[in-house]
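Okay, so here's the structure we're looking at.
No lab work stands behind these numbers, since they all come straight from the coordinates. If you're wondering where the values come from, they're calculated on a predicted model, not measured in any experiment. In this analysis, Cβ positions are derived from the backbone assuming ideal geometry, glycine residues included, and neighbour counts consider all displayed protein chains.
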Amino acid sequence: MNWPVYSHEAMATTFQIFIAGRPAEYARQAAAAAFLELDRLENELSRYIESSDIARANRLTTGASMVLGEDALQCLLTAAQISALTNRAFDPAYATPRPAGSDEPLFALDPTSHTLTSLTERLHLDLGAVGKGYALDRMAEVLAEWDVTTACLQSGGSTALALAAPPNDAGWPIGVADEVMLFAHRAVSGSGIAVQGAHLIDPRTGSPAGRTRRIWSFAANAAEADALSTAFFVMTDDAVLEFCQEHADYGAAITRANGSTATVGRDR
């Protein structure tokens, strides 16, 4: 079935919202409200906008602190959580210069005071691999305020957040490898090099990831799925498998060398 789809350019990609079970004009207005939230978030999270929290954090000197807005704080907390779970296979400060062999934190967060403190001379935060997913989660909250809960949100074809399934369907169809899978109340994100080349850096080595085939992550929310797909891309297949075995809420789809796809952990 074809559902109404609404598109918007932001964060250097195209966001889309598919909505089922609502009159077209009402759905359009709800989507417009969600896109307004998306634009607001870009102004808070983009390192390319000088007034954003992230751009201001990147101008801090060693030991200097600043108060973060709620969205920058929550996005960074999610990033820090995934970084800790994956032994820094994901790191929002991956581009920050580090002394050789150093694994010390480059910034500190105090959620109580909403404060970020720089622990390095030149902090370089980049939320590009978590911010789009975070935006999808916040946009879904806006749709819920409009009583739109049967929807699927996507950012650039790489991350999707499936809400409640359309009427008479088991879920929203989302492409994973060469298969179309049905999802509801679940987020999916894929990372690869087909579009942007070898752009994914292993934060632990500073070198491009060795993986050449696309990999997908599954999580309860889009921010975590977004960050995890990047982490999984720089991890070995065995490390991804071990991670999903240890953390039951997450899953992955791995493209093997022979072209087959193996799904591990929880996908839906």
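Which of Thr96, Thr115, Thr159 moves most in a GNM of the chain, Cα contacts under 10 Å?
Greatest mean-square fluctuation among the candidates belongs to Thr115.
Which trypsin sites (Lys or Arg not before Pro) in region 37-127 sit in a loop by DSSP (not H, G, I, E or B) and have at most 10 other Cβ atoms within 10 Å of their own Cβ?
Counting only loop positions with at most 10 other Cβ atoms within 10 Å, none of the trypsin sites (Lys or Arg not before Pro) in region 37-127 qualifies.
Check every DSSP H run in the chain and write down those whose alpha carbon atoms cover 20 angstrom or more along the long axis and whose mean Kyte-Doolittle hydropathy is 0.5 or greater. Show your work: numbers first, answer last.
Values: long enough: 24-45 (31 Å, -0.19); 70-85 (22 Å, 0.87); 131-145 (21 Å, -0.13).
Helices meeting the criterion: 70-85.
Counting only other residues whose beta carbon sits under 13 Å from that of Phe90, what net charge do I get with K and R as +1, D and E as -1? Show your work: numbers first, answer last.
Details: positive: Arg88, Arg204; negative: Asp91, Asp126, Asp202, Glu224, Asp226.
Once positives and negatives cancel, what remains is -3.
Taking the chain as a Gaussian network, where each spring joins two C-alpha atoms under 10 Å apart, which residue of Pro167, Pro203, Pro111 fluctuates the most?
Pro167
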